[in-house]
Amino acid sequence: GAFQQTNICNESLMLEKLPACGKSFEEMMKKVDSKNWCNLTEFIMYYDNFTQCTEREANSASCFWPNPLAEGFITGIHKQFFSNCTSEKVHWEDPPDEILITLILIPVTLTCVMITLVVWCSKRSDIL
């Protein structure tokens, strides 16, 4: 049979190396005004470097990426930088009844008028 070598994930080594990725990301994020931390286009390259770093460090410790420990570390970075970036959900409301009734009655009335006009014109084909 074939012999396959399996490396065991060295979690402690990975946890030692991941903070360097976080520190590097923190240094890069200092270049971005904190008001723009919720605008991904302002720091997408820095974030890409951060994720590549965490993947590289996890792999160098013979760990899969993502894994629960790396995800926990990444979540900590997210809390540090992006905790105020909540997506505002739009709360839809119906318009007031007067406007709603108007918006419903106008197309209904126009449809009735058009049908009446078509029927009237079809009965008076001798004039057209």
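Of note:
- Mean Kyte hydropathy of 0.0 or more with a Cα span along the axis of at least 18 Å, helices from DSSP in the chain: 68-82, 97-123
- Charge tally in the Cβ shell below 12 Å around F64, where Lys, Arg are +1 and Asp, Glu are -1, F64 excluded: -3
- Across the protein chains, with a 1.4 Å probe defining accessible surface, the residues F81, F64 rank F64, F81 from largest area downward.
- For the chain, C112, C121 stand unpaired, since no other cysteine beta carbon lies under 4.7 Å from theirs.
- Exposure check, 1.4 Å probe, all protein chains in place: W37 carries approximately 60 Å² of accessible surface.
- Distance between modelled label sites at M114 and I101, nm, 7 Å Cα→Cβ extension: 2.5
- Estimated inter-spin distance, Q52 and K31, nm [label 7 Å along Cα→Cβ]: 1.3
- In a DSSP loop and with at most 14 other Cβ atoms within 10 Å, the GluC sites (Glu not before Pro) in the stretch 47-98 are E88, E93.
- Other residues within the sphere of radius under 15 Å centred on the Cβ of K79, judged by their own Cβ, net out at -2 (K and R +1, D and E -1).
- All-pairs Cα distance distribution in the stretch 53-107, expressed in whole percent, bin size 10 Å: 19, 23, 15, 11, 11, 14, 6
- If the chain linking L40 and H78 were pulled fully straight, counting 0.36 nm for each residue of separation and taking away their Cα-Cα distance, it would gain 12.4 nm.
- Helices in the chain, meaning DSSP H runs of at least 4 residues, each add -39500 (n - 2.57). Divided by all residues, the mean residue ellipticity at 222 nm is -22000 deg cm²/dmol.
- Approximate shape of the chain as ellipsoid semi-axes (Cα gyration tensor, √5λ), whole Å, largest first: 65, 23, 14
- Tail weight of P(r) past 19 Å, computed on alpha-carbon pairs of the stretch 11-82, percent: 30
The values are calculated or read from the model by the stated rules, or taken from the named source; none is laboratory data. Since the structure is predicted, the reported quantities are computational estimates derived from the model, not experimental observations. Every residue, glycine among them, receives a Cβ derived from its backbone with ideal geometry; neighbour counts consider all protein chains shown. These area figures cover heavy atoms from the full protein model, side chains too; ligands, DNA and RNA do not enter into them. Shrake-Rupley method; radii C 1.70, N 1.55, O 1.52, S 1.80 Å.
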